[in-house]
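Each remark here refers to the structure printed beneath this line.
Throughout, read-outs are computed from the coordinates displayed, never taken from laboratory work. Keep in mind it's a predicted model, so treat the numbers as computed, not measured. Neighbour counts run over all protein chains shown; Cβ positions are idealised from the backbone, glycine included.
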Amino acid sequence: MRNKSEICFIKQPEKYFLSKKEEQELISCHRLEKDKRIADRLKTILALNNGYSYEEVSNLLLLDENTIRNNYQLFTEQGLSDLLTFNYVKPLSYLSEDELEELDKHLQGKMYLHSKDIRHYIEKTYKVRYTIEGVRALLERLNYVYKKTKHLPGKGDLKKQKSFEKKYRKLKASKEKEDRIYFMDGVHPLHNSMLCNGWIKKGTEKAVKSNTGRDRLNINGACNIETAEVIIHEDVSVNAQSTIALFDKMQAHQPFGKLFVIADNAKYYRSNLVSAYLTQNNRVRLIFLPSYSPNLNLIERLWKFYKKEILYDKYYETFKEFKQKTKMFFQNIENYKEELITLLKDNFYYPPKSRKLKVGNNFIALSVKKGNNFQFEDFFHGK
């Protein structure tokens, strides 16, 4: 790239430096040209020929002034043929089928945050230049979507997780007809708006009001993934007492058969108070997940669904209003049954053996193959 002093030597051309024949040839080429970049080059030369300055052409075409100067120099030194081509660019037939297959394998092994980085890789590797829109269309053709990755705890033991799934499948197949399996967990939604992605008109912004308070709900919940039944207990805290209160509600709701309750290793679930309750109420059988295995607790998906419906892009003036909206959501959970049955299918997620990426302490949304979910180590659980 030239520095500023070097660019100054590319003098402003005199008006009408083109012959009538040359001018007509450029106009004809422009009419037929489908590549916007080359069309801009042609318009640059035609505008300069009509007496516009480099600065004026830059403002008219919304191009950098250095680009205007470079286009003029390319034309004067190399001629029209070079103006109409990019030396390292193939025609817009783009990639061959073999190249597309190779690119697909590359993208499955390495994920990108920005389309422009994929465009750069394609240019560097295959000498083909796509527009950003072209890259997105190509990704869609290859069956990629732009979505968030999933958290998986870095300390999770894959063997123990697989062992749990085997035991779960066996339990599911052998339980009596009146028995029920529930996934249990606590959640603490804050009285505040949650920002989310959405389609917004270019050049505009959409603002969502937020609250300054830190009030929150404390909910202990259990979910039957086969029926999408949800039983919750809201209290001042999620603790041993609220857990026992939830067990009482579950037994009242399902008076027959055993209740197999799958939960994480929270201290209150393992407390002496809960253990004593379970000894006296043998209908409730508490099954603990392996440590650091939120990916196996399917009720996590319900909490995410709740946040999407109640918190994403929503504003509640008062905590009372927020609490009432949450209450109505769970009271009318039957309205979401069809969605939840699909969402809560017991297809557990596991970390790929060869794909673990740490990006500071956070994980970012990247392009992934449709139907696949990239999962990363969750370093919030410590190193």
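Rounded to whole numbers, the Karplus 3J(HN,Hα) couplings from phi for segment 309-326 are 7, 10, 10, 4, 6, 10, 10, 10, 4, 10, 4, 4, 5, 4, 5, 5, 5, 5 Hz, using 6.51 cos²θ - 1.76 cosθ + 1.60 with θ = phi - 60°, and x at Gly and Pro. Give Lys206/Lys327; Lys307/Lys337; Lys147/Lys308; Lys166/Lys249 a once-over and call out the pairs whose C-alpha atoms are over 26 Å from each other. Pairs exceeding the cut-off: Lys206/Lys327; Lys166/Lys249.
Between Arg301 and Lys159, what is the label-to-label distance in nm when each label sits 7 Å out along the Cα-to-Cβ direction? Rounded to a tenth, the inter-label distance reads 2.8 nm.
Backbone geometry of segment 328-336 corresponds, through the Karplus equation with coefficients 6.51, -1.76 and 1.60 at θ = phi - 60°, to 3J(HN,Hα) couplings of 5, 4, 6, 5, 10, 4, 4, 5, 9 Hz, x marking Gly and Pro.
Multiplying the residue separation of Arg283 and Lys36 by 0.36 nm and removing their Cα-Cα distance gives an extension gain of 81.8 nm. From most to least packed by mean Cβ count within 10 Å, the peptides 314-323, 178-187 give 178-187, 314-323. Go through Lys175/Lys258; Lys258/Lys304; Lys110/Lys202; Lys36/Lys127; Lys167/Lys304; Lys267/Lys345 and tell me which ones have a Cα-Cα distance over 20 Å in this structure. Too far apart for the 20 Å limit: Lys258/Lys304; Lys110/Lys202; Lys167/Lys304; Lys267/Lys345. Compactness of segment 4-83 is given as radius of gyration and Dmax, 11.8, 36 Å, from Cα positions. For a label point 7 Å from the Cα of Glu22 along Cα→C-beta, name the residues of segment 54-88 whose backbone N is under 12 Å from it. It comes to 72-81, nothing else. Electrostatic bookkeeping for Lys249 treats Lys and Arg as +1 and Asp and Glu as -1; over the other residues with beta carbon under 12 Å from its beta carbon, the sum is -4. Between amide H atoms placed 1.01 Å from N, distances below 5 Å from Arg285 occur with Leu259, Phe260, Val261, all of them 5 or more places distant or on a separate chain.
Near Asp157, no amide H atom lies under 5 Å from its own; only residues 5 or more places off or on other chains count, and H is placed 1.01 Å from N.
Each eigenvalue of the Cα gyration tensor of segment 110-266, multiplied by 5 and square-rooted, gives one semi-axis; in descending order these are 44, 26, 15 Å.
Whole-Hz Karplus values for segment 100-113 come out as 5, 5, 5, 5, 4, 4, 4, 5, 6, x, 9, 9, 10, 7 Hz, taken residue by residue from phi with 6.51 cos²θ - 1.76 cosθ + 1.60 and θ = phi - 60°; glycine and proline positions read x. As a length-normalised measure over Cα pairs under 8 Å and 6 or more apart, the relative contact order of segment 4-83 settles at 30 percent.
The slack in the chain from Glu309 to Glu14, taken as 0.36 nm per residue of separation less the alpha-carbon distance, amounts to 99.8 nm. Label sites at Lys166 and Glu102, each approximated as a point 7 angstrom past Cα along Cα to Cβ, lie 4.3 nm apart. Listed by chain and number, the aspartates and glutamates whose alpha-carbon sits under 17 Å from that of Lys323, ignoring those within fewer than 8 places in the same chain, are Asp215, Glu234, Asp235, Glu309, Asp313.
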